[in-house]
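Notes for the one structure printed next.
Please treat every number below as a calculation from the coordinates, not as lab data. Small disclaimer: the values here were computed from a predicted structure and weren't measured. Don't worry about glycine lacking a Cβ; one is built from the backbone with ideal geometry, like all the others, and counts go over all protein chains shown.
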Number of protein chains: 2
Amino acid sequence: MTKRSSSITIRDVAREAGVSVATVSRYLNQNAPVSEKLADRIQRVMDELDYIPQETARHLALRRKNAIGLLLTNMHNDFFGPLLAGIETIVRSEGYNLLVATCRPELQTDSYLPLGGHNTDGLLVFANSLGDEQIAQLSERGFPLVLIHKTPAEGVSVPFVTVENKAATRKLVDHLITAHGRRRILLMRGPEQQEDSYWREVGYRAALADHGIAFDEALTLRGSFEREVAYAALKTFLVDAQHPLFDAVFAGDDDAAVGVYEALKEAGLRIPEDVSVVGFDDSRMSPFLMPPLTTVRAPTEAVGSSAARQLFCLLEGETPELETLHPTDIVLRRSCGCAT
Amino acid sequence: MTKRSSSITIRDVAREAGVSVATVSRYLNQNAPVSEKLADRIQRVMDELDYIPQETARHLALRRKNAIGLLLTNMHNDFFGPLLAGIETIVRSEGYNLLVATCRPELQTDSYLPLGGHNTDGLLVFANSLGDEQIAQLSERGFPLVLIHKTPAEGVSVPFVTVENKAATRKLVDHLITAHGRRRILLMRGPEQQEDSYWREVGYRAALADHGIAFDEALTLRGSFEREVAYAALKTFLVDAQHPLFDAVFAGDDDAAVGVYEALKEAGLRIPEDVSVVGFDDSRMSPFLMPPLTTVRAPTEAVGSSAARQLFCLLEGETPELETLHPTDIVLRRSCGCAT
DNA sequence: ACCGCTTACGTAACCGGTTACATTATGGCA
DNA sequence: TGCCATAATGTAACCGGTTACGTAAGCGGT
């Protein structure tokens, strides 16, 4: 009772039970037969001593950490809740631990990674939390990796799971044009060099092209998929007297859309009467925003869980899906101009 | 290059550099002087061999895991984003890893904990992710623990950090009564046995008492701080023809408030004209809901970071604050009836 | 009675680091 | 010149598990 549990080892148990450490270990792992008589005795002694196997020792002996890591770019987006939930479910069901860290390669000088082979058996890498070179390096060393919302660079073969960006965005922008007669649609870009950003822009441009509308760089802002950034960007855009007029905003994602809402409201512009606003993700709150946000439904929790599943395929030597693309579709609410 | 990095040990480095493992270790940890000549040689060899120290071996030798754990009840609430962000910042700055898991003692039979002394050096325990007995047990063993949004049971001395619940709730409900003339205020309770639930109810009752309004059990629902649960509860409440009329809802938290919004709208009830709605937390989206949600501002990210800080106090042998109570205050928006 | 095979268990090496202690080299001082 | 304090390095035990290998007992078949 008063004994520090940390000091009780498998040898203590073995001694008290009058057996060898091997037998105790075998009993613990159930990986070799142990007679019932000894099993009982061992169990009794373990209870008595409050024995808890030290995982670290186990890890060292087995050369695995029983943990997988999740690298995120930040945590200030409601997008990450569902993602984490999806991942955690799978990870737990496999009996693994989940390490979480944020990381932005462009912000740090040294090559130190918070998560990697030194503390995990495999990594889930979200978007740009790692650079292409870092991914290639890990992959070359045979370290199990799966990418989330990012495709690997040319030549590196790493499973990835993401969502369909382009078609849905195109459809959404097309809706703005076709259904609501919008023609000057502001593009709120996502983070630089980010893949979702890229494909959403491609979809946006395609929709414009479909209707013979010229792409206008002046109608372009950097929203970074972050509410505050989007807010600030649009705010400065609006104070600039020279700015071209616009009648709609594709916000990049739902979080940025909220920043857009904020800036528009402060400028006295009504949504959707004066300007339509649309997002991407269909985060939990978007149906309840004022007005309800027209957006693209992305199955974020499913993305998380299938990414985790692919990683476990790798860990268990099965061959994973190299590419998992979750479908998306637009959901029309009031912010684009549709009736409730 | 083609060598598996996993097979390179400190002994390899030592041999190649013509020094002892002790010297390499000392150079790595900078905890004892190493001559410049050898240091250079060691560094060169490490670069050449792509040597990465195996953390698990280190953990075993040092008898610490260099990781802290966070136990959550679930991840489907926007509340957890800021909480995690606050924690992660501190954890990273201390050079530790962060393990995250969900856990509900009432839902599981065995006493197995996903996080504990076997894989972490200390634990952040959110609300009811652990039962009182489990907390007491861990605490007795001297395992570093800090509670979040929960106070320890009588007699167990564990640091905790939470927010002021009662006074703010009382003030908010008082506002409904005084400023908006509401008298039949529905109470959407939080999770059973949960402390925030309890104190918010106490605040609610106190406000009623202040105005001589009798507490009415019939005006009471279980919302569990979850949107879906709150929605379902209110939904069935509303179809029941016998139900007493009400003119306001204290939703328990912002997430539940959204569920309340949903159910009310479907019932054709206008917010705030027909019924006022108020929440708790001031989550990121609440200013942007339709209508903007009157609520209580709780510094969730600060709660996370100060909890983590207390835990590191424990780990480093300093004496932590036993009790950290973050102040809260009401923020008035339109859902209660106030003008924008 | 003897052989071979299976089953239950013990011994000791091993995983890859840290570190107490021993050892050697160096410099200051009487 | 001899002696001691000090600094730099090496040796080997240790952290707490797992497991290859060896051994003894039990059992069936001829």
**OP:** Place the peptides A:31-40, B:149-158 in order of packing, highest mean first, counting for every residue the other Cβ atoms within 10 Å and averaging per peptide.
**Re:** B:149-158, A:31-40
**OP:** With unit charges on the beta carbon (Lys/Arg positive, Asp/Glu negative), name the residue among B:PHE79, B:THR319, B:MET188 whose Cα is farthest towards the positive pole of the charge dipole of chain B.
**Re:** B:THR319
**OP:** Could you give the size of the charge dipole of chain A about its Cα centre, using +1 on the Cβ of each K and R and -1 on the Cβ of each D and E, expressed in debye and rounded to the nearest 20?
**Re:** 720
Original post:
Got a sec? Charge dipole of chain A, +1 on Cβ for Lys and Arg, -1 for Asp and Glu; which of A:PHE250, A:ALA308, A:ALA57 is way out at the positive end?
Top reply: A:ALA57
**OP:** Excluding residues on the same chain fewer than 8 positions from B:LYS235, give the aspartates and glutamates whose Cα lies under 18 Å from its Cα.
**Re:** B:GLU217, B:GLU226, B:ASP247, B:ASP253, B:ASP254, B:ASP255, B:GLU262, B:GLU266, B:ASP274
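Considering only DSSP beta bridges whose two residues both sit in the range A:236-340, what percent are antiparallel, to the nearest 5?
Working: 3 of 8 bridges.
Within the range A:236-340, antiparallel bridges account for around 40 percent of the total.
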**OP:** Mind putting a number on the dipole of the range B:166-298 about its Cα centre? Charges go on the C-beta only, +1 for Lys and Arg and -1 for Asp and Glu, and I need it in Debye to the nearest 20.
**Re:** 320
Original post:
Chain B: which residue's Cβ hugs the B-to-A rotation axis most tightly, distance rounded to whole Å?
Top reply: B:MET290, 2
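Please list the helices of chain A that count as membrane-span-like by this rule: a mean Kyte-Doolittle hydropathy of at least 0.5 together with Cα atoms stretching 15 Å or more along the helix axis, each helix being a complete DSSP H run. Don't skip to the answer; put the middle values down first.
Values: long enough: A:36-49 (20 Å, -0.74); A:80-93 (20 Å, 0.96); A:166-180 (20 Å, -0.13); A:195-210 (22 Å, -0.89); A:227-239 (18 Å, 0.79); A:254-266 (18 Å, -0.15); A:300-315 (23 Å, 0.76).
Once both thresholds are applied, what remains is A:80-93, A:227-239, A:300-315.
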Original post:
When Cβ neighbours within 10 Å are restricted to other protein chains, what is their mean count per residue of peptide A:78-87?
Top reply: 4
Original post:
Most exposed first by the Cβ proxy, i.e. fewest other Cβ within 10 Å, how do A:CYS338, A:CYS103 rank?
Top reply: A:CYS338, A:CYS103
Original post:
Between A:GLU192 and the same site in the other copies, what are the distances in nm, shortest first, taking label points 7 Å from Cα along the C-beta direction?
Top reply: 5.4
Original post:
Once you charge only the Cβ atoms, +1 for Lys and Arg and -1 for Asp and Glu, what is the size of the charge dipole of the protein assembly as shown about its Cα centre, to the nearest 20 debye?
Top reply: 760
**OP:** Mind giving me the nanometre distance, one decimal, between the label points for B:GLU323 and A:LEU322, set 7 Å out from Cα along Cα→Cβ?
**Re:** 6.2
**OP:** Sort out for me the Cα centre separation of the range A:211-282 from the range B:48-87, rounded to whole Å.
**Re:** 38
Original post:
In nanometres, what is the gap between the two model label sites at A:GLU36 and B:ASP132, each 7 Å from Cα along Cα-to-Cβ?
Top reply: 4.1
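Taking the beta-carbon count within 10 Å as an exposure proxy, list B:LEU123, B:LEU322 from fewest neighbours to most.
B:LEU322, B:LEU123
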Original post:
Counting only other chains, what is the mean number of Cβ atoms within 10 angstrom of the Cβ of each residue in peptide B:222-235?
Top reply: 0
**OP:** Note the distances from A:PRO33 to each other copy's matching label point, with points 7 Å along the Cα-to-beta-carbon direction, in nm, sorted shortest first.
**Re:** 6.3
**OP:** Return the calculated 222 nm mean residue ellipticity for the protein assembly as shown, to the nearest 500 deg cm²/dmol, obtained by summing -39500 (n - 2.57) across DSSP H runs with n ≥ 4 and dividing by the residue count.
**Re:** -12500 deg cm²/dmol
Original post:
Averaged over B:283-294, how many beta carbons belonging to a partner chain fall within 10 Å of each residue's beta carbon?
Top reply: 5
**OP:** Sort A:HIS59, B:HIS180 so the one with the fewest other Cβ atoms within 10 Å of its own Cβ comes first.
**Re:** B:HIS180, A:HIS59
Original post:
Quick one: label points 7 angstrom along Cα→Cβ at A:ARG64, distances to the other copies in nm, smallest first?
Top reply: 2.9
**OP:** Would you please name the trypsin sites (Lys or Arg not before Pro) within the range B:269-340 that are DSSP coil residues with at most 14 other C-beta atoms within 10 Å of their C-beta?
**Re:** B:ARG270
Subject >> Inter-label distance for A:GLU192 and A:GLU164, nm, one decimal - labels placed 7 Å from Cα along Cα-to-Cβ >> reply: 3.2
**OP:** Just flag the GluC sites (Glu not before Pro) in the range A:75-125 sitting in loop per DSSP whose Cβ has no more than 16 other Cβ atoms within 10 Å.
**Re:** A:GLU94
